[in-house]
Amino acid sequence: MGLDLPVVDAAASPRVRRHPDWLKAPIAAGESVRDVRQLLRGLNLNTVCEEARCPNLGECWDQRTATVMILGDVCTRACGFCAIKTGRPTWFDPDEPRRVAEAVAAMGLEHVVVTSVARDDLPDGGASVFAATIRQMRVRSPGMGVEVLIPDFDGDAAALRTVMEAGPDILNHNVETVERLQLPVRRRARYDRSLGVLAQAKAHARELGLVVHTKSSIMVGLGEERDELLATFRDLRAVDCDILTVGQYLRPTTEHLPLVRYYHPDEFADLRAEGLALGFRHVESGPLVRSSYHARDQVPGAELRALRRRATIGPDGRVVPGVAAS
């Protein structure tokens, strides 16, 4: 199934609009946004929403959701697409898991995503901090969906098992792009290693008797071909990856990888259909989609919780059930 759509050239004349109309994001303003920012600042916590300049910050924070970034804000890797600063991290706080759990409990979240910079300087890559954060959140927010978006831990199987033993609901690790473009996009990471992380996560879950869904994300617009994208989809399904997100790459600065082209929303819809046909449980595909976008709606049981959110109180004081999303 293909689409005959005009290519939107990202290298067109500078007099042309910087982004197409469909890439407009809500402005990050409002009382909820201020509340979330103040809460996170008060507890000295970082968010990937701000550090990676996510275009959905306003929408997500207005819903009082955020992706918390642990282990500091300095990454040991210098990926060609990422706006997070790189260098030699010096930050480490053993009390961080408690503070994250406290912030999450204060926000009353249904689902939380915890990610981190790559910390190749630490013996376990920060896996023990992920595990401690999960356990602290389980104590303070029982019943909440917990998702972790992890680095590859340099392929350390013991580090991955440490995270899995803490029992996240979703283990997220991004391949980011097609196999051919891995070196310029991710540099120190490897395509086969990332697929191995997702496969091993499922193996650990089975061994531990846990139900854990795996998830990965791909950026488009870096010069990949459609057949390469579909090959990546198939590779992810081959390691039983459950959830896929696909979004448009947006160049953070002129120092980052150039944007080759914009994908039209109809192309994202087509990619979503292809992913679902391959057997993914959930596919989130759109221009502004990022790995954690609408994450609370991807965790098992999310549809029931969504119906509860949409429920209203009738004139007789009784609860009127919500209507399922189409």
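Observations on the structure shown:
- Within the stretch 153-174, considering residues that are farther than 18 Å from Arg77 by Cβ and small (Gly, Ala, Ser), the one surrounded by the fewest Cβ atoms within 10 Å (Cβ to Cβ): Ala158
- Pick from the stretch 231-255, criterion among the small types (Gly, Ala, Ser) and assigned to a helix (DSSP H, G or I), ranking: surrounded by the fewest Cβ atoms within 10 Å (Cβ to Cβ): Ala238
- Residues in the stretch 261-290 that are among the hydroxyl-bearing types (Ser, Thr, Tyr) and either open to solvent by 30 Å² or more (accessible area, probe 1.4 Å) or over 20 Å from the mean Cα position of the chain (by Cα) (or both): Tyr262 only.
- Unmet requirement for Pro258, which otherwise passes all of (1) part of a loop (DSSP other than H, G, I, E, B); (2) in contact with a strand residue (DSSP E or B) (Cβ under 6 Å, 6 or more places away or on another chain): (2)
- Cβ-Cβ contacts under 9 Å between residues 6 or more apart (or on different chains), taken from a first residue in the stretch 216-230 that is farther than 20 Å from Cys79 by Cα and open to solvent by 10 Å² or more (accessible area, probe 1.4 Å) to a second residue that is at pLDDT below 95 and outside any helix (DSSP H, G or I), are listed as Arg226/Gly2.
- Arg34 being outside any loop (DSSP other than H, G, I, E, B), more than 20 Å from His173 (Cβ to Cβ) and either modelled with pLDDT of 85 or more or under 19 Å from the mean Cα position of the chain (by Cα) (or both): no
- Counting residues in the stretch 235-255 that are among the small types (Gly, Ala, Ser) and out of contact with any Pro (no Cβ under 9 Å at 6 or more places or on another chain) gives one or more.
- In the stretch 82-135, the residues that are of a type in the set (Lys, Arg) and free of Cβ contacts under 8 Å to residues at least 40 places away in the same chain: Lys85, Arg88, Arg98, Arg135
- Residue among Ala78, Ala118 that alone is under 25 Å from Arg187 (Cα atoms), assigned to a loop (DSSP other than H, G, I, E, B) and open to solvent by 20 Å² or more (accessible area, probe 1.4 Å): Ala78
- Residue match in the stretch 173-181 (condition: touching a residue at least 12 places away in the same chain (Cβ under 8 Å) and closer than 22 Å to Val129 by Cα): yes
- Residue satisfying condition, being assigned to a helix (DSSP H, G or I) and without any contact (Cβ under 8 Å) to a residue 40 or more places away in the chain, within set Arg161, Arg138: Arg138
- Count of the stretch 81-93 residues which are open to solvent by 30 Å² or more (accessible area, probe 1.4 Å) and modelled with pLDDT under 75: 1
- Scanning the stretch 220-261 for residues that are closer than 16 Å to Ser285 by Cα and out of contact with any Leu (no Cβ under 9 Å at 6 or more places or on another chain) turns up Thr232, Asp242, Ile243, Thr245.
- Here the stretch 201-230 is the region considered, the condition is being in a helix (DSSP H, G or I), more than 21 Å from the chain's Cα centre (by Cα) and hydrophobic (A, V, I, L, M, F, W, C), and the residue that is nearest to Leu160 (Cα to Cα) is Ala203.
- Of all residues in the stretch 122-133, exactly one satisfies the criterion of being touching a Pro at 6+ places or on another chain (Cβ under 6 Å) and surrounded by fewer than 24 Cβ atoms within 10 Å (Cβ to Cβ), namely Ala132.
- Inclusion of Arg180 among residues that are more than 24 Å from Thr245 (Cβ to Cβ), modelled with pLDDT of 90 or more and of a type in the set (D, E, K, R) is not warranted.
The values are calculated or read from the model by the stated rules, or taken from the named source; none is laboratory data. These figures come from a predicted structure and were not determined experimentally. Counting neighbours? That spans all protein chains shown, and the Cβs are built from the backbone with ideal geometry, glycine included. With ligands, DNA and RNA removed, areas are computed over all heavy atoms of the protein, side chains included. Shrake-Rupley method; radii C 1.70, N 1.55, O 1.52, S 1.80 Å.
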